[in-house]
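Asks: What follows is a single structure, and I will ask about it in a moment.
The values are calculated or read from the model by the stated rules, or taken from the named source; none is laboratory data. Keep in mind that this is a model prediction, so the values were computed, not measured. As a convention, Cβ positions derive from the backbone with ideal geometry for all residues, glycine included, and neighbour counts pool all protein chains shown. Ligands, DNA and RNA are stripped out before the accessible areas are found, and what is left, the full protein with its side chains, is counted by its heavy atoms. Shrake-Rupley method; radii C 1.70, N 1.55, O 1.52, S 1.80 Å.
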Amino acid sequence: MSEEQTCQRCGETVELDQEDFELFERMHPECFHFAFEHDLNKPGLSVDENCGDDACPAGA
Ligand SMILES: [Zn+2]
Ligand SMILES: [Zn+2]
């Protein structure tokens, strides 16, 4: 049985390979995006708004 991986941002379980989980700073890919990438170009951008990144989960 594998150890549970918990997202550092939202606290939910993350179902990724451990390697990928580490790559995303122990977060969901979406949470990583919101934490580090989402408001880089537009500081303070709401998580409901798309930031223009192809990987953005918001406002799709
Ligand atoms: Zn998360
Ligand atoms: Zn975004």
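Asks: Mind listing whichever residues of region 33-49 are aromatic (Phe, Trp, Tyr) and either open to solvent by 100 Å² or more (accessible area, probe 1.4 Å) or free of Cβ contacts under 8 Å to residues at least 12 places away in the same chain (or both)?
Replies: If the condition is that a residue be aromatic (Phe, Trp, Tyr) and either open to solvent by 100 Å² or more (accessible area, probe 1.4 Å) or free of Cβ contacts under 8 Å to residues at least 12 places away in the same chain (or both), then Phe36 is the only one that fits.
Asks: Among the residues of region 22-60, which ones are more than 25 Å from Glu3 (Cβ to Cβ), of a type in the set (A, V, I, L, M) and assigned to a helix (DSSP H, G or I)?
Replies: Residues satisfying the conditions do not exist here.
Asks: If Glu19 satisfies every condition in (1) away from ligand 1 (no atom under 16 Å from the Cβ); (2) out of contact with any helix residue (DSSP H, G or I) (no Cβ under 9 Å at 6 or more places or on another chain); (3) assigned to a loop (DSSP other than H, G, I, E, B) but one, which is the exception?
Replies: Single failed check for Glu19: (3).
Asks: Pull out all pairs, ordered by first then second residue, where Cβ-Cβ is under 8 Å, the residues are six or more apart or on different chains, the first lies in region 1-30 and is touching a residue at least 24 places away in the same chain (Cβ under 8 Å), and the second is open to solvent by less than 60 Å² (accessible area, probe 1.4 Å) and among the small types (Gly, Ala, Ser).
Replies: These pairs meet every condition: Arg9/Ala35.
Asks: Hey, among the residues in region 1-14 that are surrounded by 10 or more Cβ atoms within 10 Å (Cβ to Cβ) and part of a loop (DSSP other than H, G, I, E, B), which one's nearest to ligand 2 (Cβ to nearest atom)?
Replies: By that ranking, first place goes to Arg9.
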